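Read through the structure below, which is laid out as structure tokens, and then see the notes.
The numbers here are math on the coordinates, done by the rules we state, and not lab data. The model shown is predicted, which means the values in this text are computed figures rather than measured ones. FYI the Cβ positions are ideal-geometry reconstructions off the backbone, even for glycines, and counts take in every protein chain you see.
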Amino acid sequence: MKTRRSLGQYGIVCVWALLGPIAITAPLKALDVSDIKSCDQYMLPKEVINGKEVGQEACRMIETTDFEFQGRNYRRMDIGVTGTIPGYTLKSDTLRDAIFFNAYPEFVFPPTRGKLPVHHGIGRYEMAKGTAMAVLYPANRSEWNGKMFVTLHGGGRAFSRGTLKVWNKNLNPEEPLQGISKYERLMLEKGYAVAKTWRSTPYPRGGDIIVTLDDGTVLRERNIMEHPPLITGFVKLAGNILEERLGQKPRRVYWYGHSGGARIGRMVNYKAGMNVDKDGNRIIHGIIVDDSAAGLYLPVLMKDGKDILFTTEEERQRFVPMIEIGHMLYVNESPADRPSVWEFEFTNFLANKRLNAKLLREKGLWNKFRYYEIAGISHSGGEYLREGKDGDIEILDMSRLMDGFIDLLDNWVEKGIAPPPTKSDWRELGDADQDRIVENASIQMPEVACPLGVYHIFPLSRGSGGQGTTGFVSFSGEGMEPEDGRGSAAAGPGTQNVVHNYVDMNRNGYRDFVETVTEAWQRVGLLKNDETFDRERYVACADKAVADLQAEKFITSGTVNFYREQARTMPLPAK
């Protein structure tokens, strides 16, 4: 019997292996039209709305032969779906948020949007324009844990922009795990089935959804980023297929979403009716919200000047366990041309993420919600990058923490074992006993807790658009603190002064010389003023950081072993 190893045990080697070619039990042939089969028999029954049938209309599928991953055989089904869904939008062609064809206009459209009326209609999505999912599962029923993760990408995807593919073009038959993230591979390795979804999510223009309003008006270029019923419909469809393939439907379904996929993950809990089927059964049993887009939407529902959301115990009971992850370097601001926001929200993304946690605490949901800030990382978690690197982009490998988050959520749902308390550098959240000391500060991976340099936003290669990625500058002790991707600019019209946008490595507010590791460690208190950086001190620091994370089960034993070995063998910078 083969022993299953966790992702962390492979460390950097595993990351390369996961994103490169994988072992195939039999060569997978090139697929053609003859491989496409109907999956109409698995679709959900339609419903009648305003005299019109609405729902899934056509389903097509390609299925691979068995392939091997981490000592197990798996299969992949690529599924395209065409159909219609009810929802709401605005008639405006200029208002930025009018692009959202959504299931909860009371959260999406602030009353300050210009008093435009909200219109109900039917939206049409098409497999030919990228509405699709890939379902991956263990080929052997005994190796399936009976549960499934549904995963959602964020904004910026559209067939019209070339960032969504026709449904049957997502699969590379020679590498059936190509395009499957490190997080999703972790889920597979742990025994889950995975339903990876694709949908039209561009912003602020260029959606692929055509909406016909109840008054007959046809609106084009809408998106369905804010539409959980589309995804829960996919969950039911995938469950019907797995029941035939593996003998049962998933007994638990967990939601993982990043950015825009995280934002609607919140709404599965916040909007009444989003998480029940027609028989009144719960569809999603637990949620991982990974850096919710703009830090929204907040758990506030205004009516007649009062917030009426989660005011009763019955409402709070429908809330399923939710772990939210906040990336601390993603401190973006809403666009200047975005419509006026609700009076209770902020333009700053990190501020909204923190406010969301505070509001849930005040509404009595602290026992079902955890918020974990991660230091040193911007919006991307490197889940599609080998070693988290791409040129000068160097992102902390969030998969080492996601390994723990997946288990924490499952144990919370299945066994009632509550995760560690919320972690935040904001004293409002991180000061557990109100003694003005932040006992539960943000999570620091060893790379941040024992820094050999500084992770920063705006890598040079991404310029001013690089706030969502991270770069890295080492404590070399050489030269000036470097400029970031925004570069230099004149301080104002007619002036000779130049403003340098630089990486403030020592956090003193002005540009000066790069420190050595010894100087940096003395500054942050990791060394005394008469001590010098060396291997022994680095190992001691890394071991402590790893032990702290392991004690609260944020990382697994495999990741612990990886970090301990790395600390003892990796090249270290000069003192």
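Between residue 343 and residue 392, what length comes free when the chain is fully extended (0.36 nm per residue of separation minus the Cα-Cα distance, one decimal in nm)? It would help to have the intermediate numbers written out before the result.
Values: separation 49, 0.36 × 49 = 17.64 nm, distance 3.92 nm.
Between residue 343 and residue 392, full extension yields 13.7 nm more.
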Rank by packing, highest mean first: peptides 64-76, 186-198, with packing defined as the count of other Cβ atoms within 10 Å averaged across residues.
186-198, 64-76
Environment charge at residue 357 (Cβ cut-off 15 Å; Lys +1, Arg +1, Asp -1, Glu -1)
+2
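Would you mind classifying segment 285-393 by shape? Square roots of the alpha carbon gyration tensor eigenvalues, ordered a ≥ b ≥ c; an a/c under 1.5 is rounded, otherwise it is prolate if a/b is larger than b/c and oblate if not.
On the way: a/c = 2.92, a/b = 1.50, b/c = 1.95.
Here segment 285-393 falls in the oblate category.
Starting with the fewest neighbours, write out 377, 62 ranked by other beta-carbon atoms found within 10 Å of each beta-carbon.
Details: 377 30, 62 22.
Ranked by crowding around the Cβ, least crowded first: 62, 377.
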Compute the separation of the alpha-carbon centres of segment 551-570 and segment 341-418 and state it in Å as a whole number.
21 Å
Semi-axes of the equivalent ellipsoid of the chain: what are they in whole Å, largest first, if each equals the square root of 5 times a C-alpha gyration tensor eigenvalue?
39, 30, 24
Do any of 147/423; 190/271; 147/249; 165/196 go past 19 Å between their Cα atoms, and which?
147/423; 190/271
Given contacts defined as C-alpha pairs under 8 Å and at least six residues apart, what's the relative contact order of the chain, whole-number percent?
11 percent
So, in Å, what gap is there between the alpha-carbon centers of segment 205-235 and segment 262-287?
19 Å
Which peptide among 35-44, 293-302, 537-546 comes first, and what is the full order, when sorted by highest mean count of other Cβ atoms within 10 Å?
293-302, 537-546, 35-44
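Roughly what % of DSSP beta bridges within the chain run antiparallel, to the nearest 5?
Values: 59 of 87 bridges.
If I count the DSSP bridges inside the chain, around 70 percent turn out antiparallel.
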Virtual spin-label span in nm between residue 362 and residue 307, 7 Å along Cα→Cβ:
0.4 nm
Contour excess over end-to-end distance, with Cα ends at residue 499 and residue 433 and 0.36 nm allotted per residue
19.5 nm
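Using 1/(1 + (r/R0)^6) with R0 = 30 angstrom and r between the beta carbons of residue 220 and residue 38, what's the FRET efficiency to the nearest 0.05? The partial results should precede the final answer.
Numbers: r = 29 Å, r/R0 = 0.95.
In this case the efficiency is close to 0.55.
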Spatial extent of segment 460-575: Rg and Dmax, with the Cα atoms as the point set, Å:
18.3, 60
Helix axis angle, 260-270 relative to the chain longest principal axis, alpha carbon, degrees
70 degrees
The summed charge of the residue 445 Cβ neighbourhood (under 10 Å; Lys/Arg +1, Asp/Glu -1) stands at -1
With θ taken as phi - 60° and the coefficients 6.51, -1.76 and 1.60, list the Karplus ³J(HN,Hα) couplings across segment 214-227 in order, rounded to whole Hz; mark glycine and proline as x.
4, 8, x, 5, 9, 10, 10, 6, 8, 10, 10, 5, 9, 9
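Give me 283, 308, 288 ranked fewest to most by other Cβ atoms within 10 Å of their Cβ, as a rough exposure proxy.
Numbers: 283 21, 308 12, 288 24.
Final ranking by Cβ density, sparse to dense: 308, 283, 288.
What order, most packed first, do the peptides 89-100, 425-436 have when packing is the mean number of other Cβ atoms within 10 Å of each residue? Please list the in-between numbers first.
Numbers: 89-100: 18.7, 425-436: 13.7.
Ranked from most to least packed, the peptides come out as 89-100, 425-436.
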